[in-house]
Amino acid sequence: MLLRDGGRDAGRTPTAGRHGQPMSDAAIGPEAVVMRQVEFYNARNLEGFLSTYHEDAVIERPSQGVVVARGRRAIREGFAKLFAANSALHCAVDARIVKGDFVAISEKITGLAAEGARDALAIYEVKDGLISRVWFF
C-alpha cells in the first residue's frame, strides 16, 4: 500500500508525450492515470478527461444507491454539463492511497456554483491503464 498526501502535483499541466499528444495510459500505473484525470478535470479538458476512462466505465454514488454514469458517452454528457456550469471548478487532492489497481483520494472540490465547496472521497479502479469504475462518497 502506498500513501501520499498533499497532491501538490495535481495542478500541473497534463504530461504530454511525443508531438504534444497525451502519453498512453497503459504505459503508466493506476495512480498516474487517476492523477492525470484530476489534472484534466482541473483544466476542464473534457477530451483529456474522457481519455482516462474505459469505454464501459461506471461511476457510482454507493451511499445514495445511484449509478451516476455508465459508459464513456454518459460520462461525457454529465461532465460536459458540470464543466460548462462551473468555470472555477477545482479538485485539490488532500491524500491518496494506492493498493494494486485501486486508488483512493481524499479531495476538496471548490468552484461549484450551487454548493461552493465540498470534501469528498473517490475510489478508482484502473484496468489496462484506464479508469473502469469510480465510487464517490
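The values are calculated or read from the model by the stated rules, or taken from the named source; none is laboratory data. Quick caveat: nothing in here was measured; it's all calculated off a predicted structure. Note: ideal-geometry Cβ built from the backbone for every residue, glycine included; neighbour counts use all protein chains shown.
Points worth noting:
- Taking (1) free of Cβ contacts under 8 Å to residues at least 60 places away in the same chain; (2) within 14 Å of the chain's Cα centre (by Cα) in turn, residue 110 satisfies each apart from (2).
- Those strands (runs of 3 or more DSSP E) of the stretch 76-137 in which at least 1 residues are closer than 14 Å to residue 34 by Cβ, modelled with pLDDT of 95 or more and touching a His at 6+ places or on another chain (Cβ under 7 Å), considering only elements entirely within it, cover 116-127, 130-136.
- In the stretch 25-75, residue modelled with the lowest pLDDT [restricted to those that are assigned to a loop (DSSP other than H, G, I, E, B) and closer than 18 Å to residue 103 by Cβ]: 28
- Residue in the stretch 68-89 that is β-branched (Val, Ile, Thr), surrounded by 17 or more Cβ atoms within 10 Å (Cβ to Cβ), within 26 Å of residue 29 (Cα to Cα) and in contact (Cβ under 8 Å) with a residue 40 or more places away in the chain present: no
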